[in-house]
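J.: One structure is given below, represented as structure tokens, and several questions about it will come after.
The values are calculated or read from the model by the stated rules, or taken from the named source; none is laboratory data. Note that the structure is predicted; figures quoted are calculated from it, not measured. For neighbour counting, all protein chains shown are included, and Cβ atoms are generated from backbone atoms with ideal geometry for every residue, glycine included. The area values use the complete protein model at the heavy-atom level, side chains included, leaving out ligands, DNA and RNA. Shrake-Rupley method; radii C 1.70, N 1.55, O 1.52, S 1.80 Å.
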Amino acid sequence: MSTAPRVEIDLAAFWADPYPMLAKMRKEAPIAFVPQLGSTLLSCRDDISISEKQIDVFSSHQPAGLMNRLMGHNMMRKDGEAHQIERRAMFPTVSPKTVKAHWTALFQAHADRILDAIEPGRIDFMRDFALPFSGECLKSITGLTNIGFGDMDAWSQGMIEGIANYSGDPAVEARCHAATSGIDAAIDDILPVMRKHPDQSILGVLLASGMPMESVRANVKLAISGGQNEPRKAIAGTVWALLSHPDQLDLVRKGEVTWLEAFEEYARWISPIGMSPRRIAKPWSIRDVAFETDERVFLMFGSANRDEKHFERADQFDVRRDTSKSVAFGAGPHFCAGAWASRAMIADVALPTVFARAGKIEIADDEPVRIGGWAFRGLQNLPVNWPSRSRAEKNPSA
């Protein structure tokens, strides 16, 4: 165990809102051992940014880790050349060029179809748009077009909960196993078609690369675990943040701030991925804290993105903020491979399309908005009053 000071947390309170405790850690114990999590937490941005790049010390390779055990050994749990080989194999699907030339138009078609089906009145925006839109986009990107978006969402949630199950709840682990079994069955079902007619999807390019099948399965599961859960929360969350700050929404609508800037600020403010685990590969010290080989460390991205040394009024949502120091997508060699696809889904398609099609959308006052999570954080719901579409909105070219 590290020599870091011991800090006790209330797990339920930490799940409900980790930011007060993280702020206290940054001030009093920026490197702290938390017994309730069985890990040493790094909470300051500079420590995290430096350490994430030191893969010879802060290793992503965690043979006994939850992700390896539950989802298979994917590229996120590999370092160096082993990581780069699999990352390069996936790149043709998620490169900026492919996203712009191929996926963005498909994302737009999904958004238009889903929005066309929404009736005016009280809806849950998370359930009725963010979830199905994220799911349909992910079906296209992964190549698993033989399933429903509900399956995609359930599998993502099951895996996300499983790999954050540090308390060892057997029911949570069982749901994760059910999710990975479902994904394997869907892959098996579509394999004959994909082998005969390969496409630009993750499954298509990984099969074409000659990657071993167990690694193909593990990386498809990786894409699903983050590619559904985080985008749907970020879409709903950014809409909620803008509706809650109408003056800032007005700045975006006037073109003084871009939709991308609004999304990047939300991802800093309430980081959908709040933590990334690492294994200490060799004895190491940071400041006056010594680490032992094989102990577990959590890089707290959500805390880094509210570090007062880099962000003034860090607890406030401000679309005019410079977010260049944000580590919402990571800061090292494991920078999110799907970042360009996520930005296109959210900033190029979802946000502008929603506000163009539902200009008078407003948060409903009959149900509170619920937010939770620390390893993976975001909205659980978003009750809104969905307006009727005007003639101009139904036919923008008119």
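J.: Please identify the pairs in which a residue from the stretch 204-226 that is more than 20 Å from residue 156 (Cβ to Cβ) has its Cβ atom under 9 Å from the Cβ atom of a residue that is open to solvent by 30 Å² or more (accessible area, probe 1.4 Å) and of a type in the set (D, E, K, R), counting only partners at least 6 apart or on another chain.
T.: Partner pairs satisfying both residue conditions: 205/199; 207/195; 209/88.
J.: Spot the failing condition for residue 165; the list is (1) assigned to a helix (DSSP H, G or I); (2) among the polar types (S, T, N, Q); (3) open to solvent by less than 20 Å² (accessible area, probe 1.4 Å), and only one is missed.
T.: (1)
J.: Between a residue in the stretch 107-126 that is more than 29 Å from residue 368 (Cβ to Cβ) and any residue that is surrounded by 17 or more Cβ atoms within 10 Å (Cβ to Cβ) and small (Gly, Ala, Ser), which pairs come within a Cβ distance under 7 Å, given they are 6 or more apart or on different chains?
T.: As it stands, the answer is 107/344, since those pairs meet every condition given.
J.: Here's something else I'd like to know. Only one residue in 56, 124, 79, 112 is open to solvent by 30 Å² or more (accessible area, probe 1.4 Å), at pLDDT 95 or above and not β-branched (Val, Ile, Thr), so which one is that?
T.: Every option except 112 fails the conditions.
J.: Report, ordered by the first and then the second residue, all pairs with beta carbons closer than 7 Å, sequence separation of six or more or different chains, a first member in the stretch 28-54 that is closer than 15 Å to residue 276 by Cβ and touching a residue at least 24 places away in the same chain (Cβ under 8 Å), and a second member that is of a type in the set (Val, Ile, Thr) and in a loop (DSSP other than H, G, I, E, B).
T.: Qualifying pairs under 7 Å: 45/327; 48/327; 49/327.
J.: A follow-up question, please. Could you list all residues from the stretch 57-99 that are closer than 30 Å to residue 295 by Cβ and among the charged types (D, E, K, R)?
T.: Hits for the stretch 57-99 are 69, 77, 78, 79, 81, 86, 87.
J.: OK, next. Could you identify the single residue in 298, 317, 263 that is under 24 Å from the mean Cα position of the chain (by Cα), crowded, with 22+ Cβ neighbours inside 10 Å, in contact (Cβ under 8 Å) with a residue 24 or more places away in the chain and not in a helix (DSSP H, G or I)?
T.: Being under 24 Å from the mean Cα position of the chain (by Cα), crowded, with 22+ Cβ neighbours inside 10 Å, in contact (Cβ under 8 Å) with a residue 24 or more places away in the chain and not in a helix (DSSP H, G or I) holds for just one of 298, 317, 263, which is 298.
J.: Right, something else. Have a look at 179, 174, 185 and point out the one that is assigned to a helix (DSSP H, G or I) and crowded, with 18+ Cβ neighbours inside 10 Å.
T.: Testing whether each residue is assigned to a helix (DSSP H, G or I) and crowded, with 18+ Cβ neighbours inside 10 Å leaves just 179.
J.: Kindly provide the set of residues from the stretch 197-244 that are of a type in the set (D, E, K, R) and under 22 Å from residue 111 (Cβ atoms), ordered by number.
T.: Listed by number, the residues that qualify are 199, 230, 232, 233.
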